[in-house]
Structure formats: structure tokens, C-alpha cells
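Heads up: the structure comes next, in C-alpha cells.
Every number here is computed from the coordinates shown, using simple stated rules; none is lab data. Values in this document were obtained by computation on a predicted structure and should not be read as measured data. Backbone-built Cβ (ideal geometry, glycine too); neighbour counts: all protein chains shown.
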Amino acid sequence: METKISTTAEAQEMSALPRRHEVHADPEAPCNTAVPVEVTDTPLEEKSPAQWAYERLILYIQNFEETLDNEHEIAMGFAGGDAGVLRIEGLGFFDPDIVTFYGSDEYGLKTQLIQHVSQLSVILQALPKEPEQVEPKRIGFRLAADLAKKG
């Protein structure tokens, strides 16, 4: 039998009810405070850190994409490093504690970031869509649809 020992902060985080709150300087900026049932239907204590991070990343990505025009699509900068940016084309997790981003870098090279949830620190950015694309790629909608299938 394996017993997981948690710090007090980790235990409090796991027992907290999922909620969102944000405030922006622009009163017209979209503030998303709802937590979809697909995220709240499974108790936190039944989710791995990877799944919990994945679900919240989906919400951030989807909300960020909603602010973009048709000439831009989402990309991710690597906080704290000079690794450049990744045009987000996929997102996944590997229990218990790995989150993976799939995409291409600013030169069009296939790129994958594998990150431990304790090191998760990314910047969402808007990049111009590829000139040959008629419509920008929107990964947030596909991620939210996949999350809804699990619920």
C-alpha cells in the first residue's frame, strides 16, 4: 500500500472548490469566471496534477483565442528561457504529472514541449496566421470539445 504525503499547501489546494476570478483594466475585456461542469464533475482528489493542469490550460487557451481576430492564432512563449515560441497545435497530459504541448516553432519546425506540472510557466501569445491559411487554426475549440466528451 502506497501512502502519498502532501504538504499543507498541497492538501488545501486539492480540497479547494474550483473557482475562477479575474479583473482587467479595460472594463470591456472579457472576464471569464465560470468553471465548466466538465472540469468540476470529477472531484479534485480523483484528478492527477497533470489532468488538473491540462483542464485549466484548456480554459486559458480557449479564452485567449476568443480575443483574437482572424489574422492571428495562438502561440506559446517559454517563460524564463530563450527557446522561442511554439504555435500551439496540440495539448496533452501523461499522468501523474506531465503536460505536453505540440506544435511548430517560428521557423515552422515541428516542436514538442514536455513539462512537469511543477515547472509549468508559459506565456500565451498571438502570432499572425500563416499567409497561405484562409482561416486561423483554433485549437481551443477542439480542446474544449474533447473535454466535454470526457464529462
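Brief remarks follow.
- Counting charges near residue 136 (Lys, Arg +1; Asp, Glu -1) among other residues having Cβ under 14 Å from its Cβ returns a value of -4.
- Net length gained if the chain between residue 24 and residue 106 were fully extended (0.36 nm per residue, minus Cα distance): 26.6 nm
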